[in-house]
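Take a look at the structure below.
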Amino acid sequence: MIDRVKKVGFLFLAILLVSFLVGAQTTVFNLIWLSSVDMPVTFGVLISSIYHDFVLMTLTPAPPAPLPLLPTIISLGLFIAFGVTWIILKWTGIEKKYAYGIAGAMALVFIVYLMPLLFFGVDMLAGARSTIGKISLIICGYLGGHFFGSRLSKV
């Protein structure tokens, strides 16, 4: 019973980690763009923006939605990817941290490439508007999945 509670806790932390990383990546890419058009961007602005965007994108529901949008989308993607990975791991000997890392990356691949299809061609994640942005978001997914898988290996 305690192991299952730990696993759910690790899943929650992985979702929170990926949500934070995606929000921070989006903020950093926006600030890089602002800097490129000669807007003054200081270290204080960077930290303050990352904090505010984390609170607004990850912890605060957007009316009329009852849940915060970013973690909800990431949760859905990770639930599906981790579920498929759990089934695959029953028949393979892949280390959990790598299998779940790949699953997290694939979840972000689908999120990054399917969101514009759902939202009429608009990239809702500003950090996903460039190839480098898409790659860094996929890396964020990998890191969250790797975190989750490495914790499962210890339970």
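Each value in this text was obtained by applying a stated rule to the coordinates, not by laboratory testing. Fair warning: this is a prediction, and the values are worked out from it, not measured in the lab. Virtual Cβ from ideal backbone geometry, glycine too; neighbours counted across all protein chains shown.
Numbers at a glance
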item	result
Residue-count net charge about Leu89 - beta-carbon cut-off 15 Å; Lys, Arg +1, Asp, Glu -1	+4
Among Thr58, Thr27, Thr42: highest mean-square fluctuation, GNM of the chain, C-alpha pairs under 10 Å	Thr42
Separation in nanometres of the label points that stand 7 Å from Cα toward Cβ, at Trp33 and Val55	2.4
Phi-based couplings in Hz for the stretch 30-45 (Karplus 6.51, -1.76, 1.60; Gly and Pro marked x)	5, 5, 4, 4, 4, 5, 5, 9, 6, 7, x, 10, 9, 4, x, 5
Difference of contour (0.36 nm per residue) and Cα-Cα distance, Val5 to Ala126	40.1 nm
